[in-house]
Amino acid sequence: MILFKKVEDLSSFLNSCRQQQQSIGFVPTMGALHAGHLSLIDKCRAENKIVCCSIFVNPTQFNNVNDLEHYPNTIEQDIELLIKHQCDVLFLPERDEVYPSQFDFKKFDLGGLEHIWEGKFRPGHFQGVCQVVDRLLQIVNPSSLYLGQKDLQQCLVIDKLLSETGRRNIKLSIEPTIREADGLAMSSRNLRLSTKERQAANEIYKALLYVKTSAGDTPLSHRVEEARTHLANKGFRLDYLAVVDANDLTETDDRSKTLVAIVAAYSGEIRLIDNLFLN
Ligand code: AMP
């Protein structure tokens, strides 16, 4: 694996790959890699000649300074894991490389997705995500991009970004959520849970399963309400738990649509998100 810290060096390496008609798959991450990230690397490995991963904790997508300051850093272990999973290129830039002093911060049109759910509770978050993804796509210019369904709204936002920025030629792959044995969706933030919080954290997945297994005649809204109460009783502070149309994330209980239950909840200081398709 080659580690690049400078945009110029990475660009010239990837340009030569492109000249040789080599497909470039890209997996953007913020590090503290776990099996969820590695499933994206493995898929990317299976489908491309060159596997490029980036690790950059993007300050512009954090609306909470404490979250940014305490974001886990396990870079040495990350590098070992990437080598083991046959990643070819790691882009590990400093902040100035991604956002040079004359950087032109754009405003992206994300339609209704920007201000609902994650957008509502994390104002500015998706503009920050788009800033960094737009910049990384400009640098890496991949043939394929790999994202995790765990961040479903982010997937829809980036899909919109690809359209808005004329990058529909990039193939977008959305990969299933990888979970711990007890059902908790893997997340770098799980490292910050106390032992007690970690033990209880799978209640979030259980709540989603409860909504999913609701019998056909029970109104979904009842199950959703019960799941909210259950999580509150277990000590979680809910930002939202809802059933939405998977295509645009509007709230609905129309079972003829592709439905997904989405949740964001705090366990102590740590905010966890998850989702589960219902049909
Ligand atoms: P992050 O490092 O949190 O920015 O995540 C980088 C990529 O990994 C994003 O596309 C995430 O959706 C994806 N990802 C994070 N957690 C998981 C998971 N448990 N399963 C699958 N993909 C994941």
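Quick look at the values:
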read-out: Mean separation of Cα contacts under 8 Å, 6 or more apart, over the residue count of the chain: relative contact order %; value: 17 percent
read-out: Extended-chain gain in nm, criterion 0.36 nm per residue less alpha-carbon gap, Lys49 and Thr250; value: 68.5 nm
read-out: Mean projected area in nm² (Cα convex hull; one quarter of hull surface) for the stretch 164-211; value: 5.5 nm²
read-out: Antiparallel bridge percentage (DSSP; both residues within the chain; nearest 5); value: 50 percent
read-out: Calculated FRET efficiency for the pair Lys171/Glu225, C-beta based, R₀ 35 Å, to 0.05; value: 0.30
read-out: Additional length obtainable on full extension of the chain from Asn64 to Phe121, 0.36 nm per residue less Cα span; value: 19.4 nm
read-out: Cβ-Cβ FRET estimate between Arg18 and Lys107, R0 fixed at 35 Å, reported to 0.05; value: 0.70
read-out: Inverse mean reciprocal Cα-Cα distance (Kirkwood Rh) of the chain, Å; value: 19.7 Å
read-out: Cleavage-rule hits, trypsin sites (Lys or Arg not before Pro), the stretch 169-278, DSSP coil, Cβ neighbours within 10 Å at most 14; value: Arg255
read-out: Top positive-direction residue, dipole computed over the stretch 129-279 with Cβ charges, set Leu259, Thr229, Ala181; value: Ala181
read-out: Of Ile178, Ile116, Ile158, the one that fluctuates the most in a GNM where the chain has Cα springs shorter than 10 Å; value: Ile116
read-out: Simple spin-label estimate for Glu80 and Ala232 in nanometres, 7 Å along Cα-Cβ; value: 4.5 nm
read-out: Additional length obtainable on full extension of the chain from Thr218 to Leu3, 0.36 nm per residue less Cα span; value: 72.0 nm
read-out: Listed residues Val129, Val51, Val65, most fluctuating in the chain (Gaussian network, C-alpha, under 10 Å); value: Val65
read-out: Long pairs among Lys106/Lys160; Lys43/Lys206; Lys43/Lys150; Lys120/Lys150; Lys120/Lys257; Lys234/Lys257, criterion Cα-Cα beyond 21 Å; value: Lys43/Lys206; Lys120/Lys257; Lys234/Lys257
read-out: Residue among Asp248, Asp217, Asp109 with the largest mean-square fluctuation in a Gaussian network model of the chain, springs linking Cα atoms under 10 Å; value: Asp217
read-out: Kyte-Doolittle mean at least -1.0 and Cα axial length at least 15 Å: DSSP H helices in the chain; value: 7-19, 35-47, 125-140, 152-164, 220-233
read-out: Helix-only [θ]222 nm of the chain, DSSP H runs n ≥ 4, -39500 (n - 2.57) each, per residue, nearest 500; value: -11500 deg cm²/dmol
read-out: Only Lys, Arg (+1) and Asp, Glu (-1) charged, at Cβ; the chain dipole about Cα centre in debye; value: 260 debye
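Just so you know, all these numbers are worked out from the coordinates, no wet-lab data involved. Just so you know, these numbers come straight off a predicted model, no measurement behind them. Positions of Cβ are backbone-derived with ideal geometry, glycine not excepted, and every protein chain shown enters the neighbour counts.
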